[in-house]
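The values are calculated or read from the model by the stated rules, or taken from the named source; none is laboratory data. The structure displayed is predicted, hence computed values, not measured ones. Counting neighbours? That spans all protein chains shown, and the Cβs are built from the backbone with ideal geometry, glycine included. Side chains are part of the model used for accessible areas, which takes the heavy atoms of the whole protein and leaves out ligands, DNA and RNA. Shrake-Rupley method; radii C 1.70, N 1.55, O 1.52, S 1.80 Å.
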Amino acid sequence: MRTPLLRRLATLATTLGLTSLGLLGAGATPAQAAISDCPSGYFCAWKTYDGTGAMFKTNTDKATLGSWDNSFRAVVNRTTRYACLYDDPDYNTATGGVFAWDPDPAGTEWGNGGGAVSSVKFVATARECSAPAYPDWYATTAPRAQGFGDLNGDRKADLLVRDKAGRLWRLPGDGSGRLIGSGGWNAMNALVRHGDFSGDGREDVIAREGSTGKLWLYPGTGTGSVGARKLIGTGGWNAMSRITAVGDLSGDGRSDLMAVEKATGKLWLYPGTSAGSLGARKLVGTGGWNAMNALAGVGDANGDGRSDLYAREASTGKLWLYPGRTGALGGRVLVGTGGWNTMAALLGPGDVTGDGRTDLVTTTTGRYVGEECRGAGCLLVYAGRGTGTLERGVVTGTDWWNLNGAF
């Protein structure tokens, strides 16, 4: 997918004698006056590079453009959605390209539409110009329910993804995506899930609100969606650099939460209660946990019946297993000698491969280089061996780009 960055317009700016790529308006008063004729809430285009003459405008999808086909020169997008500008009619990307033109309700940024535009579509995120809002995710049915990683109870590991528009999607493991949050999820700066916190036998989602530091519980419905939220932390949770759900570490049959304190590097266990809240915290790591830049509660990785924790060491890129003990963590075991800093997220959705063992799932950063995929947007599954160690990662997805988190 081609993305129209304003720096692409440098040649055009020079040709027109303009001095500002941000506004493309310095020394071009007549052009700016014509551009300003585009109404708020519309995408507009002109057949001239300086934005004068007849004006095309729309705020609805256009599969064909009639007399305006292949005629867009100057364009401005005063809507709140991305304008996808397709080379071919009918939004076809099989044989032609597509521009994702950023929303600019104020109409301060305009430039070259490229000319070769034959259809226009409006979408909430740039990736939807050429792909679904959610990425592919496939999982094999597990031989038994694990009590976590499965929001609809079908024994397939689910994943949650948040898009750039703040919508929350559930990926049930069959390649499809289900919208379970229509917006507002970008207000959360941490989302975790690992089993049942509310006591109804269904997996729940916990989210931290960035502006307030409050902690919210979103109870699972058992069908893959979440219900009305409940406040379980009145504030102060922004003092934690990492939050992860780990399952039942305290040994009372309820899911627990762990968090790293920014100021001290201490690791705290917050035990779940029968009321669906969190009990008094317990210190399980006296310090040094700020050295870890990713945590993942993955269930019983080593086969001893207790919930375990994977942690990534920032300075070395090593991956460590911290085996669960009753209300504590045991001595760590090295399971990845390095290179794990090329991963954007570590996810523990349970048994992905259907062999009855818990697995680890990762998404990649731009620094990742593999035989089957490189850069940001790769998805890898590391099959668990049942001993706490992992098989070599297998690339199972290449479209995990331009999202705002996976959980």
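What is the spread of the Cα atoms of the stretch 183-242 along each of their three principal axes, largest first, in whole Å?
Principal extents (largest minus smallest coordinate, Cα): 31, 24, 18 Å.
Which peptide among 280-290, 103-113 comes first, and what is the full order, when sorted by highest mean count of other Cβ atoms within 10 Å?
So the peptides 280-290, 103-113, ranked by packing, come out 103-113, 280-290.
So how compact is the chain: Cα radius of gyration and Dmax in angstrom?
24.6, 75
Taking a cut-off of 20 Å between Cα atoms, list the aspartates and glutamates near Lys262, but don't count ones fewer than 8 places away on the same chain.
Qualifying aspartates and glutamates at Cα under 20 Å: Glu209, Glu313.
Note down the relative contact order for the stretch 66-154 as a percent, whole number, built from C-alpha pairs under 8 angstrom at least six residues apart.
This gives 33 percent for the stretch 66-154.
What net charge do the residues around Pro39 carry, taking every other residue with its C-beta under 14 Å from that of Pro39, with Lys and Arg at +1 and Asp and Glu at -1?
For residues surrounding Pro39, the net value is 0.
Could you rank the peptides 396-403, 271-278 by their average count of other C-beta atoms within 10 Å per residue, with the highest value first?
396-403, 271-278
Just need the relative contact order of the chain here, percent rounded to a whole number, with Cα pairs under 8 Å and 6+ apart.
Values: 1130 pairs, mean separation 41.0, N = 407.
Value for the chain: 10 percent.
Ranked highest first by the average count of other Cβ atoms within 10 Å around their residues, in what order do 70-79, 135-144 fall?
My ranking of the peptides, most packed first, is 70-79, 135-144.
Can you grab the distance from the C-alpha centre of the stretch 296-347 to the C-alpha centre of the stretch 234-262, Å, no decimals?
16
How large is the helix-only mean residue ellipticity at 222 nm for the chain, computed as the sum of -39500 (n - 2.57) over DSSP H runs with n ≥ 4, divided by its residue count, in deg cm²/dmol to the nearest 500? Walk me through the numbers on the way to the answer.
On the way: 2 runs with 14 residues, N = 407.
Per the formula, -1000 deg cm²/dmol.
Let me check against my output: what whole-number percent is the relative contact order of the stretch 126-178, with C-alpha pairs under 8 Å and at least 6 apart? Could the numbers behind the result be given before it?
Details: 79 pairs, mean separation 18.7, N = 53.
Relative contact order of the stretch 126-178: 35 percent.
Could you state the accessible area per residue of the stretch 346-404 in Å², with a 1.4 Å probe and every protein chain left in place?
On a per-residue basis, the stretch 346-404 sits at 42 Å².
For the pairs Lys156/Lys214; Lys214/Lys282; Lys121/Lys230; Lys266/Lys318; Lys214/Lys266; Lys156/Lys266, flag any whose C-alpha to C-alpha distance is greater than 28 Å.
Listed pairs above 28 Å: Lys156/Lys214; Lys121/Lys230; Lys156/Lys266.
Net charge near Ala187: determine it from the other residues with C-beta under 15 Å of the C-beta of Ala187, scoring Lys and Arg +1 and Asp and Glu -1.
Here the count lands on +4.
Tell me, what ³J(HN,Hα) does each residue in the stretch 115-126 have, in order and in whole Hz, if you take phi through Karplus 6.51 cos²θ - 1.76 cosθ + 1.60 with θ = phi - 60° and put x for Gly and Pro?
x, 7, 10, 10, 7, 9, 9, 10, 9, 7, 9, 4
Give me the percent of the accessible area of the stretch 114-226 that comes from carbon and sulfur atoms, probe 1.4 Å, all protein chains in place.
For the stretch 114-226, the apolar C and S fraction of the accessible surface comes to 46 percent.
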